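Trainee: I have a structure here, written as structure tokens, and I will follow up with some questions on it.
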Amino acid sequence: MKVTYHTDYALRLLIYLLTHPDDVVSTRTVAEVYGVSLNHMNKVSQHLVKLGLLNATRGRGGGVKLSEVAREWRLGDLVRQLEPTGEIAQCSGNSTVEPCRIAPVCYIRSIFAGGTMAFYNHLNGYKIEDLTAKNADEMRQLLDGA
């Protein structure tokens, strides 16, 4: 299963913050470190603030920091919140694709739904803090350019 850039950038931001736990970090810094769009990183951080995972401070010296509850969130629950809802198979059609003529009797949608559920259940075996649990120091060195 492929996740969107939004989810990818959110996980990168969380990893950065996990490796810099005492810092209030600007989204500009994180965007520059990862070489991604500042606009996208701002949208991601706003979404994570709305979910209660980040605390934001405005103004000079402002930025984002992990909230108290962020480390305990399950990855599957997070990805479910970040990913757009929708089915993998476009059986019902959309604005550019006609509905499939065998959709009423086909099991592809239910098979994919089971796979998607297994994907989220697997991710829920991990907490956000697990993203850096094995190598936080090495990650920080790489992120800081050392």
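Trainee: Name the pairs: first residue in segment 14-28 and part of a helix (DSSP H, G or I), second residue among the polar types (S, T, N, Q), Cβ to Cβ under 8 Å, at least 6 apart or on different chains?
Mentor: Between residues of segment 14-28 that are part of a helix (DSSP H, G or I) and residues that are among the polar types (S, T, N, Q), the close pairs are Ile15/Thr132; Leu18/Thr132; Thr19/Thr132; Thr27/Asn42; Thr27/Ser45.
Trainee: Here's something else I'd like to know. Step by step: first the residues of segment 1-32, then only those that are farther than 16 Å from Val79 by Cα and touching a Phe, Trp or Tyr at 6+ places or on another chain (Cβ under 7 Å), then the one that is surrounded by the fewest Cβ atoms within 10 Å (Cβ to Cβ). Which residue is that?
Mentor: Across segment 1-32, the extreme among qualifying residues is Val25.
Trainee: Here is a follow-up. Would you please list the contacts, defined by Cβ atoms under 7 Å and residues six or more apart or on different chains, that run from a residue in segment 45-69 that is modelled with pLDDT of 95 or more to a residue that is basic (Lys, Arg)?
Mentor: Leu54/Lys65; Asn55/Lys65
Trainee: Here is a further query. Being in contact with a Gly (Cβ under 9 Å, 6 or more places away or on another chain), at pLDDT below 95 and hydrophobic (A, V, I, L, M, F, W, C) is the requirement here; does Ile102 meet it? Before the answer, list the steps.
Mentor: Values: in contact with a Gly (Cβ under 9 Å, 6 or more places away or on another chain): no; at pLDDT below 95: yes; hydrophobic (A, V, I, L, M, F, W, C): yes.
When the stated conditions are applied, Ile102 does not pass them.
The values are calculated or read from the model by the stated rules, or taken from the named source; none is laboratory data. Owing to the predicted nature of the structure, the values given are computational and were not obtained by experimental measurement. Positions of Cβ are generated from backbone atoms using ideal geometry, with glycine treated the same way; all protein chains shown enter the neighbour counts.
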